[in-house]
Amino acid sequence: MKVKDITAALESLAPLCIQERWDNSGLLIGSPEDEVHGVLVGFDCTPELIDEAIASGCDMVVTHHPLIFNGIKHINALDPVGAAVMKAVKGGVAVYAAHTSADKVPQGVSGAMAKRLGLQDIEILLPDPDASTGLGCIGYLPIPMTGEEVLAYVKEKFGLQVIRSSKPLETPIQKVALLGGSGASEMEAALQKGAQLYITADVSYHHFFVPEGFMVMDIGHFESEVEIVDIFLAQIRKNFPTFASYKSAALDRSNPVHYFVM
């Protein structure tokens, strides 16, 4: 097996050509012609993930978030990105990421969120010109719920410890928009399409001042997107059923945000 075989399988799900212009999805370390004997799938490419890959006999890691977003001027072992780069190069580990390329396909991040909530009549929130891909989803809850009810519903469906939310609506909510990851800047699109609730992450203080009849929830960046790890793993295993592919054993502990509920 070669790196290019794994990347081709992933790109049949999430083509690199649809990624956002600012993104850096794709093969970040290694050559397409490198031999691969095992693949480890995680969420962020951390030094710990590279260590886990090497210990597991894997010479390729696949993550959602790219290890390298912008140009690197210095590689320093005391910096997490620098340390991961050094460990990957020294250990002969190829590094691949599918970020917004996996956000924008219906089977990707937002589609998984919509499925988890049982949304119906789902459409793309911000469609690309061809309308078959794009950011976010919008659809309808199975039954109308009050703000308090939908908070409990979302918390249970995503297995959340906490939710940051604007004031819960007392009127029934049924039309819901969502966007995994940092989606606060697209709140206006949700409003324009008639959503009563917008679910995303990384919402700033001022975005919680919402118009009457509208509600926003911040469920956490990691929590909104982590299901993509299972999607990547399933895609690899579907294409290569007997190949050594694994999910990071530390995935549930890899969220860099820690919550303290007293």
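The values are calculated or read from the model by the stated rules, or taken from the named source; none is laboratory data. From a predicted model like this one, the values you see are computed outputs, not experimental measurements. For neighbour counting, all protein chains shown are included, and Cβ atoms are generated from backbone atoms with ideal geometry for every residue, glycine included. Protein only, heavy atoms only, side chains kept; ligands, DNA and RNA dropped before computing areas. Shrake-Rupley method; radii C 1.70, N 1.55, O 1.52, S 1.80 Å.
Once all protein chains are placed together, Arg237 keeps about 110 Å² accessible to a 1.4 angstrom probe. Considering the chain as a Gaussian network with a 10 Å cut-off on Cα pairs, which listed residue, Ser165, Ser182, Ser204, attains the greatest mean-square fluctuation? Greatest mean-square fluctuation among the candidates belongs to Ser204.
At 25 °C and 0.890 mPa s, grab the translational diffusion coefficient of the stretch 202-262 from Stokes-Einstein with a Kirkwood Rh over Cα pairs, rounded to a whole number in µm² per second. Taking Rh from Cα pairs, D becomes 164 µm²/s. According to the Cα-based calculation, Rg over Rh for the stretch 2-107 is 0.95, with Rh computed by the Kirkwood formula.
Charge tally around Phe243: other residues with Cβ under 12 Å, Lys/Arg +1 each, Asp/Glu -1 each, net +2.
Compared with the alpha-carbon gap, the fully stretched path from Ala131 to Glu170 is longer by 10.6 nm at 0.36 nm per residue. For Ala234 and Lys193, the difference between the fully extended length at 0.36 nm per residue and the C-alpha to C-alpha distance is 11.5 nm.
Surface exposure of the chain, expressed per residue as accessible area with a 1.4 Å probe, stands at 49 Å². The slack in the chain from Asp121 to Arg21, taken as 0.36 nm per residue of separation less the alpha-carbon distance, amounts to 33.1 nm.
Applying D = kT/(6 pi eta Rh) to the chain, where Rh is the Kirkwood radius over alpha-carbon pairs, T corresponds to 10 °C and eta to 1.306 mPa s, the Stokes-Einstein value obtained is 83 µm²/s.
Overall, the accessible surface of the chain at a probe of 1.4 angstrom is composed of carbon and sulfur to the extent of 55 percent. In percent, rounded to a whole number, the relative contact order of the stretch 174-262 is 23, using alpha-carbon pairs under 8 Å and six or more apart.
With one equal scatterer per alpha carbon and no solvent term, the Debye-computed log10 I(q)/I(0) for the stretch 116-235 at 0.12, 0.22, 0.23 1/Å reads -0.40, -1.41, -1.53. For the chain, the 222 nm mean residue ellipticity estimated from helices alone, with every DSSP H stretch of n ≥ 4 adding -39500 (n - 2.57) and the total spread over all residues, rounds to -8500 deg cm²/dmol.
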